[in-house]
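Participant: Just dropping this structure here.
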Amino acid sequence: MTTTYGEKLEAALSTQIKVELVERDMTQKDLAEAIGVGRPAMNHYLKGHKSMPMPTFMKVAEALGLTPVTLMARAEARIQPESQSA
């Protein structure tokens, strides 16, 4: 089964959000409370069980003190090119 770029990006975004939480000594619960969603919903987003809606993503970035562009760029940097050999 081929993984799409979108699926890779969602996985990378979840990983990056977790990294940002650790760097800020925040928990998923802290983040959920800061943006007004339940902890179970945040857990589903970060485990990839549910796609994060764009308004929620914007709130997450803000709660982490980042612009959405910066958060997305950091996540995108985690995606390795399919082939680095030329």
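The values are calculated or read from the model by the stated rules, or taken from the named source; none is laboratory data. The structure presented is a predicted model; accordingly, all values stated were derived computationally and were not measured. Positions of Cβ are backbone-derived with ideal geometry, glycine not excepted, and every protein chain shown enters the neighbour counts. In case anyone asks, the SASA skips ligands and DNA or RNA and just uses the protein heavy atoms, side chains included. Shrake-Rupley method; radii C 1.70, N 1.55, O 1.52, S 1.80 Å.
Participant: Mind listing whichever residues of the stretch 41-68 are at positive phi and within 12 Å of the chain's Cα centre (by Cα)?
Facilitator: Taking the stretch 41-68 and keeping what is at positive phi, we get 48, 65.
Passing the criteria: only Gly48.
Participant: Restricting the search to the stretch 1-31, which residues are of a type in the set (Val, Ile, Thr), farther than 16 Å from Glu76 by Cα and touching a Leu at 6+ places or on another chain (Cβ under 8 Å)?
Facilitator: Thr27
Participant: Considering only residues of the stretch 6-31 that are more than 24 Å from Gln80 (Cβ to Cβ) and under 13 Å from the mean Cα position of the chain (by Cα), which is least open to solvent (accessible area, probe 1.4 Å)?
Facilitator: At the first step, the residues of the stretch 6-31 found to be more than 24 Å from Gln80 (Cβ to Cβ) are 24-31.
Of the ones still in play, those that are also under 13 Å from the mean Cα position of the chain (by Cα) are 28, 31.
Values: Gln28: 51, Leu31: 0 Å².
Here the answer is Leu31.
Participant: I'd like the residue in the stretch 32-59 that is in contact with a Ser or Thr (Cβ under 8 Å, 6 or more places away or on another chain) and surrounded by 14 or more Cβ atoms within 10 Å (Cβ to Cβ) and, out of all such residues, is farthest from Ala73 (Cα to Cα).
Facilitator: Val37
Participant: What pairs can you find where one residue is in the stretch 38-65 and touching a residue at least 24 places away in the same chain (Cβ under 8 Å), the other is of a type in the set (Phe, Trp, Tyr), and their Cβ atoms are less than 8 Å apart, with a gap of 6+ or different chains?
Facilitator: Within 8 Å, the pairs are Ser51/Tyr45; Met52/Tyr45.
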